[in-house]
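Enquirer: The structure is given below, and queries will be raised subsequently.
The values are calculated or read from the model by the stated rules, or taken from the named source; none is laboratory data. Just so it is clear, the model here is predicted, and its values are computed rather than measured. Neighbour counts are summed over all protein chains in view; Cβ atoms, including those assigned to glycine, are modelled from backbone coordinates with ideal geometry. Ligands, DNA and RNA are stripped out before the accessible areas are found, and what is left, the full protein with its side chains, is counted by its heavy atoms. Shrake-Rupley method; radii C 1.70, N 1.55, O 1.52, S 1.80 Å.
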2 protein chains.
Amino acid sequence: VTRRHLINAPDEVIPEALAGFALTYPHLVAYDSEAALVLRRELTPGKVGLISGGGSGHEPLHAGFVGAGMLDVAVAGAVFASPTALQIHTGTVAADQGAGVLQIVKNYTGDVLNFSIAREIAADEDIAVETVLVDDDVATTSSKVGRRGTAAVIAVEKICGAAAEAGADLATLAALGRRVVGQARTLSLALSACSHPGDAEPAFVLPDDLVEFGVGIHGERGTARIPFGPADGLVDQLVEPLVTELQLTAPDPVIAIVNGLGGTYPLQLFLAARRLHDGLGQRGISVARSLVGSYVTSLDMHGLSITLLRADEQLLSLWDAPVRTPALTW
Amino acid sequence: VTRRHLINAPDEVIPEALAGFALTYPHLVAYDSEAALVLRRELTPGKVGLISGGGSGHEPLHAGFVGAGMLDVAVAGAVFASPTALQIHTGTVAADQGAGVLQIVKNYTGDVLNFSIAREIAADEDIAVETVLVDDDVATTSSKVGRRGTAAVIAVEKICGAAAEAGADLATLAALGRRVVGQARTLSLALSACSHPGDAEPAFVLPDDLVEFGVGIHGERGTARIPFGPADGLVDQLVEPLVTELQLTAPDPVIAIVNGLGGTYPLQLFLAARRLHDGLGQRGISVARSLVGSYVTSLDMHGLSITLLRADEQLLSLWDAPVRTPALTW
């Protein structure tokens with residue numbers, strides 16, 4: 001079966017979608033079409049500015065998280081391609097309201113490079129910038145370039161966003177963000193791969209009896225192909241390495257994210273969430289808070305990721321703080 | 001390519017997913033597993049109770065809309081199958097807080113029958129019940145059983161929910177809901193059909209050069225197969241009949257819902273939203289408010305629906321009123 005896409009032309013997808021996004025949320029965001037920036041409609045003088053971004057195709061990440069209590073600026077690259085250093089610089093200047101800018105960067109070579117260049121340019125212009133590098137994907141633990149950054153970025157954006165809103169300074173936010181990253185791990189699996197807008201073929205093809213385990217969010221193959229079977233067993237296989245990596249034991253509380261990768265309908269995510277709660281509960285680990293939905297996607301990929309973040313009172317309080325963005329509001 | 005589903009067993013999907021849903025939103029909802037009811041965690045004495053429900057497979061509808069400013073009770077049937085009259089009755093009794101109950105029912109034979117029986121039983125028990133029948137799908141205008149109910153149900157739930165919160169009585173809410181239904185129309189198209197949990201085959205197969213136009217949310221075939229092409233042209237073909245049916249002319253304001261049917265990634269929905277804004281704007285019709293996302297789905301169907309609701313100050317004000325549910329919060 002050919003994959004089809006409801007688009008006009010592959011090169012137009014991102015600008016057209018961003019324009020539609022801006023038309024949908026005029027009360028929350030502003031849009032700079034030239035630099036492909038989505039900005040919080042009203043920036044707060046004296047608050048540290050939070051900027052994130054990266055390749056597109058992961059919506060609602062990152063533009064969906066621009067707003068009070070989360071990001072000030074999101075910078076969009078082409079599908080699965082980093083934004084340029086110039087775009088990021090424009091975003092950094094916009095985000096700076098006199099107290100410096102926190103960059104939240106997923107660990108991919110292009111993003112790391114371009115955010116780094118933008119940070120250096122900003123330094124020349126006397127804008128203080130700190131970077132939190134998000135590298136939560138357990139599947140890439142042994143990679144030379146380090147672990148990839150995936151859904152834990154939501155927790156970093158939410159928690160640092162709340163702290164920034166409460167008046168934390170740049171150094172405090174950077175330390176907090178790094179602490180969240182250090183306490184968070186993610187693992188993913190896919191039942192089918194994604195296809196780029198306009199492409200008739202998926203990034204890879206799986207036989208009916210296998211699941212891609214440890215898959216990335218850009219069509220990267222996983223670390224293994226494991227037998228397809230009941231959801232509970234597949235969820236257990238995601239959870240086990242996360243518990244081990246984070247050395248979770250009873251009665252540790254965690255914040256859990258059950259994240260759909262794009263083509264996963266909600267019934268599947270919620271029955272996976274049930275198993276996650278049960279499995280952690282049997283270990284005496286409590287799911288103190290959870291988020292279930294498609295938040296860090298990979299176009300039309302059918303699969304899910306599970307993120308666990310070791311929590312404490314401070315992190316739970318920042319997680320619970322009010323947030324008002326297109327994709328996350330409470 | 002075989003369709004695969006991340007489930008345990010088809011019969012377990014709904015109870016397992018509802019259990020996961022309840023574990024995810026303990027601060028917002030309560031869950032009655034026996035009657036498959038999701039209830040607002042704290043019901044309000046003296047407020048008219050709002051109940052909706054229907055077959056599952058359309059998540060986040062309806063359980064995702066339970067909470068302050070929207071539904072009090074959602075009743076879940078099996079996939080694409082009405083809940084029983086007994087379930088609905090149990091939900092009606094729970095929803096009644098002394099001011100009667102408003103049923104919001106999508107126009108499908110099973111739902112209409114079972115909600116009607118539940119209403120009669122409630123009457124015997126001196127619970128006042130009124131029904132708003134939602135029938136917005138233009139594709140079924142000439143059907144003997146009337147138009148199907150689809151995504152306009154969100155607008156009815158949101159607007160009546162806000163009015164109920166503000167103290168409106170049962171008769172007022174019923175009239176308001178019927179007014180919304182009368183002013184709302186929806187039309188859908190699909191690039192691929194849905195498959196039931198556990199099924200390897202989709203409900204129908206489309207050739208690569210055709211789109212199913214006027215499709216339903218239960219795998220029902222559409223009214224026509226039209227040529228596949230650029231998204232803008234397909235969106236235009238959805239919008240034209242809606243404008244005609246609602247007799248919209250400049251400078252009418254509308255509330256628009258661009259709704260993903262399950263397997264449609266957000267970039268596609270937002271670029272469709274852009275075209276919708278442009279197309280209506282060229283007619284002098286203003287999109288006063290819009291909602292873009294996958295709210296009334298059909299499992300893994302790849303497609304979208306567009307709903308237009310002729311708006312006025314009262315409806316916009318009720319639309320804007322605060323809402324706090326798992327799937328819609330502002």
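Enquirer: Find the centroid of the Cα atoms in segment B:163-212 and in segment A:145-173, then give the distance between the two in whole Å.
Expert: With segment B:163-212 and segment A:145-173 each reduced to a Cα centre, they are spaced 38 Å.
Enquirer: Grab the beta carbon distance between A:Ser286 and B:Glu120, set R0 = 30 Å, and tell me the FRET efficiency rounded to 0.05.
Expert: So, using R0 = 30 Å, E works out to roughly 0.10.
Enquirer: Each residue of segment A:72-84 in turn: what ³J(HN,Hα) in whole Hz from Karplus with 6.51, -1.76, 1.60 and θ = phi - 60°, glycine and Pro shown as x?
Expert: 9, 9, 10, 10, 9, x, 5, 4, 6, 10, 4, x, 6
Enquirer: Here is a follow-up. Say a label goes 7 Å from Cα toward Cβ at B:Arg283 in every copy; what distances in nm does this one have to the rest, shortest first?
Expert: 5.5
Enquirer: Connecting C-alpha atoms closer than 10 Å in a GNM of chain B, tell me which of B:Ser290, B:Ser142, B:Ser192 has the biggest fluctuation.
Expert: Of B:Ser290, B:Ser142, B:Ser192, the Gaussian network model singles out B:Ser142 as fluctuating most.
Enquirer: Once phi is turned into ³J(HN,Hα) by the Karplus curve 6.51 cos²θ - 1.76 cosθ + 1.60 with θ = phi - 60°, what whole-Hz value does each residue of segment B:128-137 show in order, with x for glycine and proline?
Expert: Coupling constants for segment B:128-137: 6, 10, 10, 10, 10, 8, 9, 9, 10, 7 Hz.
Enquirer: Amide H to amide H, which residues 5 or more places from B:Val211 or on other chains are under 5 Å from it, using H placed in the peptide plane?
Expert: For B:Val211, whose amide H was placed from the backbone, the distant partners under 5 Å are B:Ile226, B:Phe228.
Enquirer: Quick one: label points 7 angstrom along Cα→Cβ at A:Ala250, distances to the other copies in nm, smallest first?
Expert: Reported distances to equivalent positions: 7.1 nm.
Enquirer: Taking each residue in A:176-189, count the Cβ atoms of any other chain within 10 Å of its Cβ, then average. What number comes out?
Expert: 0
Enquirer: Among all the lysines, which ones have a C-alpha under 25 Å from B:Lys158's C-alpha, if same-chain residues fewer than 8 places away are not counted?
Expert: Result set, ordered by chain and number: B:Lys47, B:Lys106.
Enquirer: Which whole number gives the average count of other chain Cβ atoms within 10 Å of the Cβ atoms across peptide B:5-12?
Expert: 6
Enquirer: Might you report the magnitude of the Cβ-based charge dipole of chain A about its Cα centre, with Lys and Arg at +1 and Asp and Glu at -1, to the nearest 20 debye?
Expert: 620 debye
Enquirer: Mean separation of Cα pairs under 8 Å and 6+ residues apart, divided by the residue count of chain B: what relative contact order is that in percent?
Expert: 18 percent
Enquirer: While we're on this one: Say a site is exposed when it is one of the GluC sites (Glu not before Pro), sits in a DSSP loop, and has at most 12 other Cβ atoms within 10 Å; what is then the longest site-free stretch of chain A?
Expert: It works out to A:126-330.
Enquirer: How large is the accessible surface per residue of segment B:96-156, computed with a 1.4 Å probe and reported in Å² as a whole number?
Expert: 39 Å²
Enquirer: Distances in nm, one decimal, shortest first, from B:Glu201 to the same residue in every other copy, taking the label point 7 angstrom along Cα→Cβ.
Expert: 2.8
Enquirer: Apply the a/c threshold of 1.5 to the C-alpha gyration tensor of the protein assembly as shown and tell me whether it is rounded, prolate or oblate.
Expert: Cα axes put the protein assembly as shown in the rounded bin.
Enquirer: Right, another one. Could you tell me whether segment B:93-133 comes out rounded, prolate or oblate from its Cα gyration tensor? Rule is a ≥ b ≥ c as square roots of the eigenvalues, rounded for a/c under 1.5, then prolate if a/b exceeds b/c, otherwise oblate.
Expert: Prolate, since a/c reaches 1.5 and a/b exceeds b/c.
Enquirer: Run the 1.4 Å probe and let me know the accessible area of A:Leu28, rounded to the nearest 10 Å².
Expert: Looks like 20 Å² after rounding.
Enquirer: Just to be sure I understand: if you take the accessible area of chain A alone plus chain B alone and subtract the pair, with a 1.4 Å probe, what total do you get in Å², rounded to 100?
Expert: Separately minus together, A and B give about 4700 Å² buried.
Enquirer: Let me ask something else. What distance in nm lies between label points placed 7 Å from Cα along the C-beta direction at B:Arg41 and A:Asp209?
Expert: For the pair B:Arg41/A:Asp209, the computed spacing is 4.6 nm.
Enquirer: For segment A:1-153, take the alpha-carbon Rg, divide it by the Kirkwood Rh, and send me Rg/Rh.
Expert: Result: Rg/Rh = 0.98.
Enquirer: Is chain B best put as rounded, prolate or oblate by its Cα gyration tensor, with a ≥ b ≥ c the root eigenvalues, rounded for a/c under 1.5, and otherwise prolate when a/b is larger than b/c, oblate when not?
Expert: oblate
Enquirer: Then there is this: Ignoring ligands, DNA and RNA, how do B:His58, A:His89, A:His196 rank by accessible area with a 1.4 Å probe, largest first?
Expert: A:His196, A:His89, B:His58
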